[in-house]
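The values are calculated or read from the model by the stated rules, or taken from the named source; none is laboratory data. All values derive from a computational prediction rather than experimental measurement. Virtual Cβ from ideal backbone geometry, glycine too; neighbours counted across all protein chains shown. For accessibility, only protein heavy atoms count, side chains too; no ligands or nucleic acids. Shrake-Rupley method; radii C 1.70, N 1.55, O 1.52, S 1.80 Å.
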Amino acid sequence: MDETEFNKILQLISMISSGAEGYVRAAFADGAVSVMYYGESGPNQGVFCLVEGADCVIAYAVFRQCGQPDVLLEVMESEINPYLQASEEREICFNVYGRNTEIVQFVRGLLPLTKRSPGSVRFGYEAL
């Protein structure tokens, strides 16, 4: 990933909060970020990434334009599903940009399907 793309991803993450941007910046420096989807043009413009730590996995989703949400939701479901299994012991957290209502609803729908204890999955979004 080049520096321009890196900065654009961080700018998107900052739409959730400055704290999220700082956390992801530090995680990039540690090699702990996996970018699952990034698009600058086309119907879905934004980023979906995972930050993996020893105790938790944090998913970030921020899209300025979400013209084909089904495509994004398919990617998100396939990437998140392994972390929702009972064998995964780390806490999983979701941070979603509040204007991405399709993604907010999708994540809320995942919570009842998890095979994990209710307290091990958290969800947050930037209220607008």
Answer residue from segment 35-55, given it is over 13 Å from the mean Cα position of the chain (by Cα) and open to solvent by 20 Å² or more (accessible area, probe 1.4 Å) and is farthest from Gln105 (Cα to Cα) among those: Ala54
Residue under evaluation Phe63, criteria (1) in contact with a Gly (Cβ under 6 Å, 6 or more places away or on another chain); (2) surrounded by fewer than 18 Cβ atoms within 10 Å (Cβ to Cβ), criterion not met: (2)
Members of segment 6-54 that are modelled with pLDDT of 95 or more and charged (D, E, K, R): Lys8, Glu21, Arg25, Asp30, Glu52
Checking Asn81 against (1) in contact (Cβ under 8 Å) with a residue 24 or more places away in the chain; (2) loosely packed, with under 15 Cβ neighbours inside 10 Å, the condition it does not meet: (1)
Whichever residue in segment 108-121 is loosely packed, with under 14 Cβ neighbours inside 10 Å and either assigned to a strand (DSSP E or B) or of a type in the set (Gly, Ala, Ser) (or both) and, among such residues, is modelled with the highest pLDDT: Gly109
Test result for Asp30, under 14 Å from Phe106 (Cβ atoms), charged (D, E, K, R), open to solvent by 70 Å² or more (accessible area, probe 1.4 Å) and without any contact (Cβ under 8 Å) to a residue 60 or more places away in the chain: no
